[in-house]
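Below: one structure, written as structure tokens.
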């Protein structure tokens, strides 16, 4: 055990746990005061810094387009003759299931109802325009920008891991071309890694807490199990057992297996809802929503409601409550999902990784909103079910199951939906525990140690279990997002880091053939290494000395 523990990056491991406990214990002991302070931080972040998050979203997708159409996109992640580690269908399933989790089952079916009541652009609630935007905004929030934010850390991490052969999956390592080797391996790099682990634990724990009431609601619907805190803790333990075993089994046997089951189960559920529901309405509304999103893409991406509260303009706070909050939420998850996307993309080109992630990820999310979301919207519009009233009176989980109850063979549908929630949650947190274990381990040339993966799997479930009893889940979620504020700067640094490293290596190749570039020769000394920086300093001194000598001769 001592030998195995020697592989652990102790400052990151214990630093992240210390930071997390220093936030959780005050929330347990002083929940009201803690919630108040964190709420102030969240308001400052969304109201005062919202334009920075909107700018990051635009920068992320423009950067991905630049990578796709540049030589950097042609670089292969791995050896020249290496085939992709996972076939395309399994890879797409792992991308979607690992990157979204049960959240898509929750928001895909009910998010439209929030926009229906509180629409953007100062529209009249329930009006025709409000309904059209209600069907559109979910696609935008879960579409290309979200997946582009995920990919910002994936690019440099995948590049350093597979091309430069550094057996470390850390954000600090990916920042080496910007920070320099000394800072990246020193205190600043450790701080970045600790911040990343804290954000992931907080964000992931609250997502698990969000899934628990939904799963418990399904079990209550089918078996009459009481829907209370104790039963929700039981649900958490069930999910933990599943993704704990999967994390122990590893990437190939665990995550891939669960992802494939989940993917085909989700497709089966969507196919049934599509056939049983108003198919033409779903298709027409979906097509209209995609067209509306594409034609207004940059309007939606840049709208911060600047005139809200001025003169006769109503302050709806829509972009702060939804778009900016979503971008901040994706940003907290981005380092972890970037690590996961990088880890499963071996043998593909960077262009394939970027295009595949954005396409398959967005497509999967679109299917849930277009089929499940538009089915609920059709029930509201026809008067068959007042989804809005149920949502406002009894909450989102009850409204979701009320929608599913209107389908033929509703008991089976609810059962499948609940099972998918469990597997989606297990798959997503399996991925997260795997990556957390990789981050705190110094050598992950194969897979992180099993005890390390299990430790983080149970840590992920311990937090929501404790916070459920004190009602602090939403506070921890907000704390994780506020704590992830430095990731705004780190994301820009990651983009610069990737361009610096990839451009340097491409220039160093004697020759290469498109469409695939295999990086076979690396510089003997990197400009950002200790030797490279010392050499650059020496060159500057030499130039200054030569210049001084020439000036002295001329004098």
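For segment 309-359, filtering for residues that are more than 21 Å from the chain's Cα centre (by Cα) and without any contact (Cβ under 8 Å) to a residue 24 or more places away in the chain leaves 6.
For segment 125-134, a residue qualifies if it is touching a helix residue (DSSP H, G or I) at 6+ places or on another chain (Cβ under 6 Å) and either surrounded by fewer than 23 Cβ atoms within 10 Å (Cβ to Cβ) or closer than 20 Å to residue 56 by Cβ (or both), and exactly one does: 125.
Only one entry in 341, 299 is part of a helix (DSSP H, G or I), surrounded by fewer than 19 Cβ atoms within 10 Å (Cβ to Cβ) and in the same structural domain as residue 270 (by TED's automatic domain parsing), namely 299. Quick check: is even one residue across segment 368-389 at pLDDT below 90, assigned to a helix (DSSP H, G or I), more than 19 Å from the chain's Cα centre (by Cα) and surrounded by fewer than 22 Cβ atoms within 10 Å (Cβ to Cβ)? Within segment 368-389, none of the residues are at pLDDT below 90, assigned to a helix (DSSP H, G or I), more than 19 Å from the chain's Cα centre (by Cα) and surrounded by fewer than 22 Cβ atoms within 10 Å (Cβ to Cβ). Residue check: is residue 166 touching a residue at least 12 places away in the same chain (Cβ under 8 Å) and assigned to a loop (DSSP other than H, G, I, E, B)? Spelling it out, it is not the case that residue 166 is touching a residue at least 12 places away in the same chain (Cβ under 8 Å) and assigned to a loop (DSSP other than H, G, I, E, B). When we screen 60, 35 for residues that are in the same structural domain as residue 147 (by TED's automatic domain parsing), in contact with a helix residue (DSSP H, G or I) (Cβ under 9 Å, 6 or more places away or on another chain), touching a residue at least 12 places away in the same chain (Cβ under 8 Å) and farther than 20 Å from residue 196 by Cβ, the only hit is 35. Listed here are the helices (runs of 4 or more DSSP H) enclosed by segment 397-510 that have at least 3 residues being modelled with pLDDT under 90 and closer than 30 Å to residue 32 by Cα: 410-439, 450-470, 473-483. Only helices (runs of 4 or more DSSP H) whose full extent lies in segment 1-104 are considered here, and the ones with at least 1 residues that are at pLDDT below 85 are 2-5, 10-29, 31-48, 88-100. For segment 246-268, the set of residues classified as modelled with pLDDT of 70 or more and surrounded by fewer than 21 Cβ atoms within 10 Å (Cβ to Cβ) consists of 257, 260, 261, 264, 265, 267, 268, listed by residue number. Among the residues that make up segment 273-280, is at least one of them surrounded by 20 or more Cβ atoms within 10 Å (Cβ to Cβ), at pLDDT 80 or above and within 30 Å of residue 87 (Cα to Cα)? Yes, because at least one residue in segment 273-280 is surrounded by 20 or more Cβ atoms within 10 Å (Cβ to Cβ), at pLDDT 80 or above and within 30 Å of residue 87 (Cα to Cα).
The values are calculated or read from the model by the stated rules, or taken from the named source; none is laboratory data. Everything numeric in this text was worked out from a predicted model, so none of it was measured. So basically every Cβ, Gly included, is an ideal-geometry build from the backbone, and we count neighbours across all protein chains shown.
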